[in-house]
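Asks: My questions all concern the structure below.
The values are calculated or read from the model by the stated rules, or taken from the named source; none is laboratory data. Values in this document were obtained by computation on a predicted structure and should not be read as measured data. With ideal geometry, Cβ positions are generated from the backbone for all residues, glycine too; neighbour counts draw on all protein chains shown. Remember, those area values only see protein heavy atoms, side chains included, never the ligands or the DNA or RNA. Shrake-Rupley method; radii C 1.70, N 1.55, O 1.52, S 1.80 Å.
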Amino acid sequence: MRTELVIEASAHRSPRIIASGGLSGRLTGADTVHLIGTAATPLGGDVMNIRIVVGIGARLVIRSVAASVALPSTLERESCSEWSFDVAADGALDFDPEPMIVAADAVHHTRTLIQFESSATIGFRERVQIGRAGERAGRWYGTMRSDIDGLPHLRHRVELGHGTIGHDTLSAPKSLSSSIRFPDHRGPETAGPGAVRMPLAAGGSLTTCTGDRLDALPLSP
């Protein structure tokens with residue numbers, strides 16, 4: 001299945017939602033959209049393309065009604081999602097959906113691009129859990145790029161689950177919480193070997209926590 005979703009926020013009207021495939025959005029407040037699954041996706045072979053645009057001076061809050069579950073299909077294990085965010089001058093984005101659960105032996109790739117102006121405000125959180133209860137075989141690959149005023153801000157890649165680089169089945173991290181905040185003037189912070197907040201050279205911060213379970217990760221965004 002191919003899923004296409006576009007959400008456009010304006011300072012002068014309610015967000016506009018255009019959707020086809022297995023994901024849609026519902027307006028739940030003046031500037032809030034909840035993501036809603038309309039079909040079982042992502043399954044192996046599925047491709048999801050989501051574009052979110054925040055116009056000049058607009059504010060957009062994105063949440064979801066439930067976790068997403070990546071599953072293998074009868075023919076393929078791998079699926080992918082492409083997320084694109086554009087935040088214009090004085091715009092504000094608050095993106096914090098429920099986690100992605102990579103179940104059974106599924107393999108999911110998430111690629112994210114965030115482009116924003118230096119006068120914008122960004123709050124972005126991504127959470128991933130490998131496996132339901134008793135499952136360890138899934139894999140997740142996440143690539144993050146963010147640009148500020150057209151210049152590089154962050155390049156970040158994380159792998160989770162069985163078979164990822166440098167880990168065997170037992171030692172591989174199974175959960176991730178990754179957050180970008182801009183602006184953010186807090187200093188660096190660590191909470192054990194798998195949790196760190198880092199100020200970024202161009203402003204803002206990246207907080208990354210990995211471990212076995214999402215509910216046990218130590219650092220807040």
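Asks: Only one of these is touching a Phe, Trp or Tyr at 6+ places or on another chain (Cβ under 8 Å), more than 19 Å from residue 92 (Cα to Cα) and either of a type outside the set (S, T, N, Q) or at pLDDT 95 or above (or both): 214, 160, 219. Name it. I'd like the intermediate steps shown before the answer.
Replies: Working: 214 fails: touching a Phe, Trp or Tyr at 6+ places or on another chain (Cβ under 8 Å); 219 fails: touching a Phe, Trp or Tyr at 6+ places or on another chain (Cβ under 8 Å).
Only one candidate qualifies: 160.
Asks: Something else: If you check residue 98 against the conditions, is it assigned to a loop (DSSP other than H, G, I, E, B) and within 28 Å of residue 215 (Cβ to Cβ)?
Replies: For residue 98, the condition - assigned to a loop (DSSP other than H, G, I, E, B) and within 28 Å of residue 215 (Cβ to Cβ) - is met.
Asks: Which one of 1, 100 is in contact with a His (Cβ under 8 Å, 6 or more places away or on another chain) and open to solvent by 10 Å² or more (accessible area, probe 1.4 Å)?
Replies: Values: 1 fails: in contact with a His (Cβ under 8 Å, 6 or more places away or on another chain).
100 is the lone residue from the list that is in contact with a His (Cβ under 8 Å, 6 or more places away or on another chain) and open to solvent by 10 Å² or more (accessible area, probe 1.4 Å).
Asks: If we scan the range 106-124, do we find a residue that is open to solvent by 40 Å² or more (accessible area, probe 1.4 Å) and touching a residue at least 40 places away in the same chain (Cβ under 8 Å)?
Replies: Yes, that holds for at least one residue.
Asks: Please specify each residue of the range 9-20 satisfying the condition of being open to solvent by 40 Å² or more (accessible area, probe 1.4 Å) and of a type outside the set (Lys, Arg).
Replies: 11, 12, 14, 17, 18, 19, 20
Asks: Shifting gears a bit: Restricting the search to the range 38-65, which residues are closer than 21 Å to residue 105 by Cα and modelled with pLDDT of 95 or more?
Replies: Going residue by residue through the range 38-65, those that are closer than 21 Å to residue 105 by Cα are 39-48.
Correct list: 42, 43, 44, 45, 46, 47, 48.
Asks: Next question, about the same structure. Scanning the range 176-215 for residues that are outside any loop (DSSP other than H, G, I, E, B) and over 19 Å from the mean Cα position of the chain (by Cα), which turns out surrounded by the fewest Cβ atoms within 10 Å (Cβ to Cβ)?
Replies: Here the answer is 190.
Asks: Tell me which residues, restricted to the range 65-97, are among the polar types (S, T, N, Q) and open to solvent by 20 Å² or more (accessible area, probe 1.4 Å). It would help to see each step written out before you state the result.
Replies: Taking the range 65-97 and keeping what is among the polar types (S, T, N, Q), we get 68, 73-74, 79, 81, 84.
68, 73, 74, 84 - these are the residues of the range 65-97 that are among the polar types (S, T, N, Q) and open to solvent by 20 Å² or more (accessible area, probe 1.4 Å).
Asks: Let me ask something else about it. Among the residues of the range 104-142, write down those that are part of a loop (DSSP other than H, G, I, E, B) and modelled with pLDDT of 95 or more.
Replies: If the condition is that a residue be part of a loop (DSSP other than H, G, I, E, B) and modelled with pLDDT of 95 or more, then 106, 117, 118, 119, 120 are the ones that fit.
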